[in-house]
Amino acid sequence: MITSIVIVDDHDEDVAAIRHAFEQHRVTHRLQWFVAVDDAFEFLLGRGRHAQAAPDRPHLVLLDVESPRCGGFELLERIRREPRLARVPVVLLSRERDASRVAKGYELGANSFVVKPPDLTNLAAAIRVIGLYWMLNEPPVD
């Protein structure tokens with residue numbers, strides 16, 4: 001069974017670098033990209049237009065916390081409140097190193113908080129490390 005990695009980010013260049021990093025390392029998970037939190041949440045729950053396309057519980061969620069269109073903290077809260085999704089690993093991504101955001105992310109249940117490197121080459125390298133870690137990690141069994 002192919003599970004998915006869900007990416008919620010409205011920075012096209014960042015998402016392209018993330019996709020490239022996973023493709024270079026032949027990650028077999030299906031990459032699902034969303035800009036809007038509502039659309040991502042509907043996908044995660046298999047509702048609405050995603051009712052037929054939704055995979056089993058995703059292997060990982062990469063979630064940008066800064067985008068005004070994404071609302072990353074809001075989506076993290078919704079994921080953690082949903083019993084079916086509560087144990088899905090969520091890695092928060094941010095362009096800023098802000099202690100209050102880091103603290104808030106962990107308080108809301110993030111598994112990791114990663115500051116995006118400023119250039120795409122280093123972002124891709126960081127994503128490769130993140131991907132390797134989470135691909136080797138055994139997900140919780142229901």
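The values are calculated or read from the model by the stated rules, or taken from the named source; none is laboratory data. This one's a predicted model, so the numbers in the text were calculated from it and none came from an experiment. Virtual Cβ from ideal backbone geometry, glycine too; neighbours counted across all protein chains shown.
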Here are some residues: A103, A110. Which one is within 23 Å of D39 (Cα to Cα) and aliphatic (A, V, I, L, M)?
A110
Restricting to segment 74-99, name every residue that is touching a residue at least 12 places away in the same chain (Cβ under 8 Å), part of a helix (DSSP H, G or I) and farther than 20 Å from I18 by Cβ.
E74, E77, R78, R80
Would you be able to say whether some residue in segment 100-109 is in a strand (DSSP E or B) and touching a helix residue (DSSP H, G or I) at 6+ places or on another chain (Cβ under 9 Å)?
no
Would you be able to tell me the number of residues in segment 110-142 that are within 15 Å of V15 (Cα to Cα), assigned to a helix (DSSP H, G or I) and among the β-branched types (V, I, T)?
3
Starting from residues that are more than 17 Å from L93 (Cα to Cα) and basic (K, R), keep the ones in segment 1-43 and report whichever is surrounded by the most Cβ atoms within 10 Å (Cβ to Cβ).
R30
Testing E23 on (1) of a type outside the set (A, V, I, L, M, F, W, C); (2) under 26 Å from E82 (Cβ atoms); (3) without any contact (Cβ under 8 Å) to a residue 12 or more places away in the chain, one condition comes back false. Which one is that?
(2)
Filter segment 22-40 down to the residues that are assigned to a helix (DSSP H, G or I) and either at pLDDT 85 or above or more than 14 Å from the chain's Cα centre (by Cα) (or both), then identify the one that is farthest from E74 (Cα to Cα).
Q24
